[in-house]
Amino acid sequence: MTVQPLYDRVLVKRKDPETQSRGGLFLPESAQKRSHLAEVVAIGQGRIGKDGQLVPLKVEVGMTVLLSEWGGDEVKLKGEPHLFVKEKDILAVAL
């Protein structure tokens with residue numbers, strides 16, 4: 001199933017969490033933190049500005065973005081977890 005987010009919503013897929021510590025130790029699942037990095041999978045048309053005009057989003061499909069740990073609405077698409085977030089909830093774009 002393909003989905004198209006509406007307005008200022010962005011569909012992202014979180015990157016896999018780190019499985020190894022900085023010192024080289026492998027971390028069990030219980031010790032792994034949720035990744036703050038996610039890849040943009042789909043974007044909406046944009047948000048409606050104060051003047052009623054459509055303002056395009058700043059993010060594009062394929063960009064890597066930084067999210068807060070618990071933001072967004074989680075959905076499963078094709079058996080994989082994805083998040084719907086509003087563009088304003090994206091903290092930064094990874095360069």
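The values are calculated or read from the model by the stated rules, or taken from the named source; none is laboratory data. From a predicted model like this one, the values you see are computed outputs, not experimental measurements. Reconstructed Cβ throughout: ideal geometry from the backbone, glycine too, with neighbour counts over all protein chains shown.
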**Q.** Output for the range 49-95, where each listed residue is surrounded by fewer than 15 Cβ atoms within 10 Å (Cβ to Cβ), touching a residue at least 12 places away in the same chain (Cβ under 8 Å), of a type in the set (A, V, I, L, M, F, W, C) and in a strand (DSSP E or B)
**A.** Leu66, Leu77, Leu91, Ala92, Val93, Ala94
Q | Identity of the residue in the range 2-35, in a strand (DSSP E or B) and among the charged types (D, E, K, R), that ends up modelled with the highest pLDDT | A | Arg9
Q. Tally time: how many residues in the range 50-72 are over 10 Å from the mean Cα position of the chain (by Cα) and within 16 Å of Leu6 (Cβ to Cβ)?
A. 6
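Just a yes or no: is a residue in the range 36-48 surrounded by fewer than 11 Cβ atoms within 10 Å (Cβ to Cβ) and at pLDDT below 90?
no
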Q: Confirm whether Val65 is in contact with a helix residue (DSSP H, G or I) (Cβ under 7 Å, 6 or more places away or on another chain) and at pLDDT 90 or above.
A: no
